[in-house]
Amino acid sequence: MEIRSLAAGNLRLRNNVLLAPMAGYTDYAFRSLQLKSGAGFCFTELVSAKGLCYGGRGSKELLYCGTESDIALTGAQLFGGEAYYIRKAAESEALSGFSAIDINMGCPVPKLFNNGEGSALLQDILRAENIIKECVKSGKTVTVKIRTGIKRGDDVAAEFAKMAEQAGAAMVTVHGRTREDYYSGEPDYRAIERAVRAVKIPVIANGGIFTVQDAESMLERTGAAGVMIARGAIKNPFLVCELLKNAPPCNLKEYMAEQLKLMASEKGASRTVKEFRKFAPYYVRGGEGAKELRMRMVSAESLAELEEIIEENADTINKIRNNC
């Protein structure tokens, strides 16, 4: 795929391979490692605008970036259904270090949808427009992430992209599936293409990108300015490197060890052990001894035990990675 830098409002993205916000996965440790691999830009996990306004500790934790170099390449993703809270959150001290705010208008989970947030906004273009306009008044660069609609066969991406541009958004990411699709099925390439043609701001394509071939096909079929990878980066933590044609900064064993170190520095040992259990099945799979090793990792009861398992099985881990 063609790698190039991107401009979105006042943002200068170092390349057009972006990391998607994923609840429960794109914490500081994961984002930091993906940025070290070369990702052009990334976003925090979904943060409740209202929760942030009311001082929710959990919301603030999701915004942790660690270093100035990381925060410079990170946008804060907010969700909410009320323009007042979106703007107030954007102007809050908690987001003072972020130069970009991404507004989530695509999350399909019932909790958000039934509360008029996330993808529910695709049903109310006037409310969505007001939210974007108010967020823009914060002075931040505003980007928006949407889906192609609510039900299969819907295609509101072009209409929403055009509205977002007119409301002041500097970039739009289109997940090429409907809310009903969740994360399955082939992306709607034509819907993304129509959104690309409808606006002058960059449109980023998202959905179903797990390989270099997937990314190349996505760009060829949509004309998008770049790609945003999500689950593909969890299944293959070096996918960014492959897309950029960069040598990985480390092997898989070293990657896992560094991820644990970064997680522990932010969350503490006990929480790190519990949260790493959702990554292990993706990292250690498909090779001889993978199942047994994976079970040992998810059963570890302390950080020291988990680190020891990884260290003692470095050759197996790297062999599994090389055979993927």
Sole residue being within 20 Å of residue 48 (Cβ to Cβ) and part of a strand (DSSP E or B), chosen from 131, 204, 146: 146
Scan 320, 309 and give me the residue that is surrounded by 14 or more Cβ atoms within 10 Å (Cβ to Cβ), within 21 Å of residue 30 (Cβ to Cβ) and either in contact (Cβ under 8 Å) with a residue 40 or more places away in the chain or of a type in the set (Asp, Glu) (or both). 320
Looking only at the range 208-224, count how many residues are part of a helix (DSSP H, G or I) and open to solvent by 10 Å² or more (accessible area, probe 1.4 Å). 8
In the range 149-192, which residues are part of a strand (DSSP E or B) and surrounded by fewer than 24 Cβ atoms within 10 Å (Cβ to Cβ)? 149
Condition first: touching a residue at least 12 places away in the same chain (Cβ under 8 Å), within 19 Å of residue 142 (Cβ to Cβ) and not in a loop (DSSP other than H, G, I, E, B). Can you find one or more residues in the range 17-26 that meet it? yes
Scan the range 125-148 for residues that are open to solvent by 30 Å² or more (accessible area, probe 1.4 Å), out of contact with any Phe, Trp or Tyr (no Cβ under 9 Å at 6 or more places or on another chain) and farther than 14 Å from residue 86 by Cβ and jot them down. 126
Every residue in the range 93-122 that is under 20 Å from residue 70 (Cα atoms), open to solvent by less than 10 Å² (accessible area, probe 1.4 Å) and assigned to a helix (DSSP H, G or I), please. 95
Checking residue 205 against (1) modelled with pLDDT under 95; (2) open to solvent by less than 10 Å² (accessible area, probe 1.4 Å), only one condition comes out false. Which one? (1)
Can you name every one of the helices (runs of 4 or more DSSP H) wholly within the range 37-92 that holds 1 or more residues which are under 18 Å from residue 8 (Cβ atoms)? 68-71, 83-90
Name the helices (runs of 4 or more DSSP H) wholly inside the range 234-306 in which the number of residues that are closer than 22 Å to residue 63 by Cβ and open to solvent by less than 30 Å² (accessible area, probe 1.4 Å) is 3 or more. 252-267
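Conditions (1) within 20 Å of the chain's Cα centre (by Cα); (2) over 20 Å from residue 43 (Cα atoms); (3) touching a residue at least 40 places away in the same chain (Cβ under 8 Å), marked per residue:
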| position | (1), (2), (3) |
| --- | --- |
| 159 | no, yes, no |
| 166 | no, yes, no |
| 179 | yes, yes, yes |
| 185 | yes, yes, no |
| 189 | yes, yes, no |
| 226 | yes, no, yes |
Lone unmet requirement of (1) at negative phi; (2) modelled with pLDDT under 95 for residue 125: (2)
Give me a count of the residues in the range 17-51 that are closer than 23 Å to residue 131 by Cα, open to solvent by 10 Å² or more (accessible area, probe 1.4 Å) and touching a Phe, Trp or Tyr at 6+ places or on another chain (Cβ under 8 Å). 5
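The values are calculated or read from the model by the stated rules, or taken from the named source; none is laboratory data. Nothing here was measured: the structure is a model prediction, and the numbers come from that model. Glycine also receives a Cβ, built like all others from the backbone with ideal geometry; neighbour counts cover every protein chain displayed. The accessibility values were calculated without ligands, DNA or RNA, using every heavy atom of the protein model including side chains. Shrake-Rupley method; radii C 1.70, N 1.55, O 1.52, S 1.80 Å.
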